[in-house]
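Take a look at the structure set out below.
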Amino acid sequence: MEDVHEVPRKRIATAHLAQHIGKPVCFVGRVEKIHPTGKFLVLSDGEGKHTTVELSEPLDEEISGVLEVVGRVTNQATIMCMSYVQFREDKSPFDLELYNEALKIIHEFPEYFPFG
Amino acid sequence: QRIRSQNIVPCTVSQLLAAEQVDETFRIRDVEISQVTIMGIIRHAEKAPTNILYKVDDMTAAPMDVRQWVDTDEAGGENAVVPPGTYVKVAGHLRSFQNKKSLVAFKIMPLENMNEFTTHILEIVNAHMILRKNLMSASRAPQSFSSAGIGDMGGYGGGGSLPVNGLTAHQSQVLNLIKNCPVPEGMSLQELKHQLQNMSMSTIKQAVEFLSSEGHIYSTVDDDHYKSTDAE
């Protein structure tokens, strides 16, 4: 299985999961819930819609705030996470709604923001 | 005709990888680029005596090689290695060696506010759209963009305030029409008004005055007719 970090990963929101089953994606969302096992997270996107993220390794620490998840969309329209980073919000909060608007624009103009 | 961008153009890694090289210049869909900015996360950092090699990932392709030359006289400070996992803005020049693209960075700055990343995404679409529109013949009917929030792109009518090669969108359109006019006495102001439906005569005259004072065009038979100084 190819390393998902070496291929284009389209930036998507929850509404786009169904159209990207099996594809490598990049999802940005705010942590809403962490499963007691630490293996699953629920993130909300800029429209408030929830996505379930399955981690390849369970979390060993509490995590909160905005995460950027890289992974593949499963048949159940969840994301199998290969890696994630936390967006820093120590100086300014991240405007997730604005990011969602930006997603709409880059999806509308793929000729000016190509993935791959 | 070349539209040379003397500004720094925000790009995706995928755009840089797709850029075509002709002699010493790179073009992204016919728009010439040299200095660019990208924003992404550092996946890898390798320090060598004279340079630091980073791999910067913006999700649009595989991570790109970014090389930063180190001032060997300077101790620490400027040239501290930025750790992997950090989101950065990179400003640099595009290079290609043995068919592999890379950037030579003159500035690498960690992002302190991640909203800058959202802005960068929007600026990429905006910049490439405007650069592309400036290349097209202005006599084409203006396209209307759906109101996705960018609003009037300024390529036709409106503000047109993003300067490319030192010219605004209005000035570029007027210059392109004048350049492409085959008639010996050049293009008349009336003809320009006829072709540029969305521009007022006073806007056209202002553009002509500016272009003339900068030496891009010159008047021919009278003050209403202009030719381009750029030899075809």
Of the residues in the stretch B:165-205, those that are part of a helix (DSSP H, G or I), farther than 19 Å from B:K133 by Cα and modelled with pLDDT under 85 come to none
For B:T37, the lone unmet condition from (1) within 10 Å of chain A (Cβ to nearest Cβ); (2) touching a Pro at 6+ places or on another chain (Cβ under 9 Å); (3) touching a residue at least 60 places away in the same chain (Cβ under 8 Å) is (1)
Considering residues that are surrounded by 13 or more Cβ atoms within 10 Å (Cβ to Cβ), within 25 Å of B:T60 (Cα to Cα) and out of contact with any Phe, Trp or Tyr (no Cβ under 9 Å at 6 or more places or on another chain), the number found within the stretch A:51-72 is 1
Residues of the stretch B:113-130 being crowded, with 20+ Cβ neighbours inside 10 Å and more than 7 Å from every other protein chain (Cβ to nearest Cβ), in sequence order, are B:F117, B:H120, B:A127, B:I130
Of the residues in the stretch B:6-34, those that are in a loop (DSSP other than H, G, I, E, B), of a type outside the set (S, T, Y) and in contact (Cβ under 8 Å) with a residue 60 or more places away in the chain come to B:Q6, B:N7, B:I8, B:C11, B:A19, B:R29, B:D30
Note on the stretch B:180-208: residues crowded, with 17+ Cβ neighbours inside 10 Å and touching a Ser or Thr at 6+ places or on another chain (Cβ under 6 Å) are B:G186, B:Q195
Going through the stretch A:53-100 in order, the residues found to be of a type in the set (S, T, Y) and either at the interface with chain B (Cβ under 9 Å from one of its Cβ atoms) or in contact with a strand residue (DSSP E or B) (Cβ under 6 Å, 6 or more places away or on another chain) (or both) are A:S64, A:T74, A:T78, A:S83, A:Y84, A:S92, A:Y99
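The values are calculated or read from the model by the stated rules, or taken from the named source; none is laboratory data. Because the structure is predicted, anything quoted here is derived from the model rather than measured. All Cβ positions, glycine included, derive from the backbone under ideal geometry; neighbour counts span all protein chains shown.
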